[in-house]
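Asker: Dropping a structure here in structure tokens format, bear with me for questions.
The values are calculated or read from the model by the stated rules, or taken from the named source; none is laboratory data. Every value quoted in this text rests on a predicted model; they were computed, and no experiment measured them. With ideal geometry, Cβ positions are generated from the backbone for all residues, glycine too; neighbour counts draw on all protein chains shown.
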Amino acid sequence: MSLERSYESLYIDGSWVEPTGRGSIDVVSPTTEEVLGSVPHASTVDVDRAVNAARVAFDQGPWPRMTVAERGEVLRRVRAELELLRDDFAELITDEMGCPITQAKAIQLGAPLGLIDAYLDVADHFPFRDVRITDSGSALVTKEPLGVVAAVVPWNVPLIAAIQKLAPALLAGCTVVFKPAPETPLSTLALAGLFHAAGLPRGVLNIVCAERDVSEYLVAHPSVDKVAFTGSTLAGRRIASICGHNLTRVTLELGGKSAAIVLRDADLDATVESLRLGSFRNNGQICSLKTRLIVPVELHDEFVDRMKGLVESMPVGDPRDPKTQIGPMVTRRQQTVVRDFIASGHAQGAEVVAGGASLVGLDTGWFVEPTVFSKVDSTMRIAQEEIFGPVVAILTYDSVDAAIQLANDSAYGLSGAVFGADEREALRVASQLRTGVVEINGNPVGLQAPVGGFKNSGIGREAGIEGMASYTETRSHGLRAEFARTLV
């Protein structure tokens, strides 16, 4: 089955409706630089329609009043169909944003399927009702659906970001107005079709495609109870200020400049191989990638040689080719941004030990050669600012305390890693990093552990019990102890 590449309608109130806006958004292939398709650009009137539909569905519709098991059945039907169309969705995402097809199938589709399973499991055990009997009083504490959610996501992992918000919001009983990135709306609208076919009641999910001005109108809408955003720290600050003014609940998963500390006893071969995906997956366009590699000064040359070998083993080219490991940047603008960072590394005295050059034979498409810098000082732009491309910086340390200080020398705190043979020592080091996730020897935290950032990397957590809780409000009911005991 081939998924749609162009849409003339928006998905609002359970139907595909004609937009009131006159413009459209072209989706351009980062590989061929040709238009893949288009979607209608929603107007503020369309946003009002979508929010009002979600409001009515929450206040009057069946969805918040259904059991968790009933809501879960809809998610299971969506998951089953998504599994059947896994290859089709993977190819669409590869065409939209350039993720290598092998990674698209394994990660861009594997993770959403896994997230649905994980959230269904969390929902089965989530404390929606909890009786607390104490000498000071007795209460039934309930977790209630929060309300209307405005979900705004980036282009780099369109389905992962969508399911990371839709699954917990819907299972909790919320209704949603979803705004995909203008670079990757096709996969999101295709997902809407799966929810529609699965029997989701009208108004529970609404999708509007728009650029920044209309997106801001959605975030500021007085009928929105929560904003769930993944994207840049700059945009996150603006959203936080709007939500602060309105006292709208908000979850922000923002940028990162994550460090990997390589301890002296680390297995360098295993460490570097872990960085193939840990630093370069999705063409370097993942906010949690380890882009600052902090190594002992005496292991610098050996580590550099291995990183050079790693980069040279990663084919760059057509993301539809299963052998490709590095595809294009999502837009020409992003390609320019990454190239400017590489130039700044040169200008500030860092040394390119791999990559950094123009790619012969790839004149069409927004490609950047994967690049490794050494002799990097922590004050350099390439060590402080999020690049969002296949560029890493190697820094050195004399003592472990100095390595921890380097790792924490960042405005961000989204993710991190520690590599070392002594796992207790690695965990001790990891416990001192000011970051929301730390992977020991490349081990992932899994889909039920909370993820999110310290410092400028965000507010709140997604995934696991914590992620589900962020779509609920808590109510306490004071009861007689004898009656409360009957509810246990």
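Asker: Taking the conditions exactly as written (outside any loop (DSSP other than H, G, I, E, B) and surrounded by fewer than 21 Cβ atoms within 10 Å (Cβ to Cβ)), does Arg434 satisfy them or not? Spell out how you get there, then give the answer.
Answerer: Numbers: outside any loop (DSSP other than H, G, I, E, B): no; surrounded by fewer than 21 Cβ atoms within 10 Å (Cβ to Cβ): yes.
Answer is no for this residue.
Asker: Here is a follow-up. Does Ala350 qualify as being under 14 Å from Val391 (Cα atoms), over 29 Å from the mean Cα position of the chain (by Cα) and crowded, with 16+ Cβ neighbours inside 10 Å? Outline the logic, then answer.
Answerer: Values: under 14 Å from Val391 (Cα atoms): yes; over 29 Å from the mean Cα position of the chain (by Cα): yes; crowded, with 16+ Cβ neighbours inside 10 Å: yes.
Here the answer is yes, as Ala350 does meet what is asked.
Asker: Next up: Just the residues that are within 20 Å of Ser274 (Cα to Cα), buried (at least 24 other Cβ atoms within 10 Å of the Cβ) and of a type in the set (Ser, Thr, Tyr), please, taken from region 374-426.
Answerer: Within region 374-426, just Ser415 meets the criteria.
Asker: Answer with yes or no whether Gly236 is of a type in the set (Gly, Ala, Ser), crowded, with 20+ Cβ neighbours inside 10 Å and closer than 22 Å to Asp46 by Cα.
Answerer: No; evaluated as a whole, the condition is false for this residue.
Asker: Examine region 9-20 for a residue that is farther than 30 Å from Val368 by Cβ and among the charged types (D, E, K, R), and state whether such a residue exists.
Answerer: The answer is yes, given that some residue of region 9-20 is farther than 30 Å from Val368 by Cβ and among the charged types (D, E, K, R).
Asker: Applying the selection to region 321-338, what residues are of a type in the set (D, E, K, R) and either more than 20 Å from Glu183 (Cβ to Cβ) or surrounded by 19 or more Cβ atoms within 10 Å (Cβ to Cβ) (or both)? Before the answer, list the steps.
Answerer: Quick first cut of region 321-338, residues of a type in the set (D, E, K, R) only: 321, 323, 332-333.
Residues satisfying the conditions are Asp321, Lys323.
Asker: Which residue out of Glu473, Glu466, Glu439 is touching a Lys or Arg at 6+ places or on another chain (Cβ under 8 Å), surrounded by 14 or more Cβ atoms within 10 Å (Cβ to Cβ), of a type in the set (Asp, Glu) and closer than 30 Å to Lys165 by Cβ?
Answerer: Glu473
Asker: Further, regarding this structure: Restricting the search to region 190-214, which residues are more than 18 Å from Phe58 (Cβ to Cβ), modelled with pLDDT of 95 or more and buried (at least 24 other Cβ atoms within 10 Å of the Cβ)?
Answerer: Passing the criteria: Leu191, Cys209.
Asker: Going through region 163-184 one residue at a time, which ones are within 16 Å of Val219 (Cα to Cα) and either in a helix (DSSP H, G or I) or polar (S, T, N, Q) (or both)?
Answerer: Lys165, Thr175
Asker: Would you point out the residue of region 94-122, among those that are buried (at least 21 other Cβ atoms within 10 Å of the Cβ) and of a type in the set (Gly, Ala, Ser), that is nearest to Val68 (Cα to Cα)?
Answerer: Step by step, filter region 94-122, then rank; the result is Ala118.
Asker: Take the residues in region 290-320 that are surrounded by 24 or more Cβ atoms within 10 Å (Cβ to Cβ) and in contact with a Lys or Arg (Cβ under 7 Å, 6 or more places away or on another chain), then tell me which one is farthest from Gly98 (Cα to Cα).
Answerer: Here the answer is Arg292.
Asker: Now for a different question. Only one of these is at pLDDT 95 or above, under 25 Å from Asn282 (Cβ atoms) and of a type outside the set (A, V, I, L, M, F, W, C): Asp59, Asp117. Name it.
Answerer: Asp117
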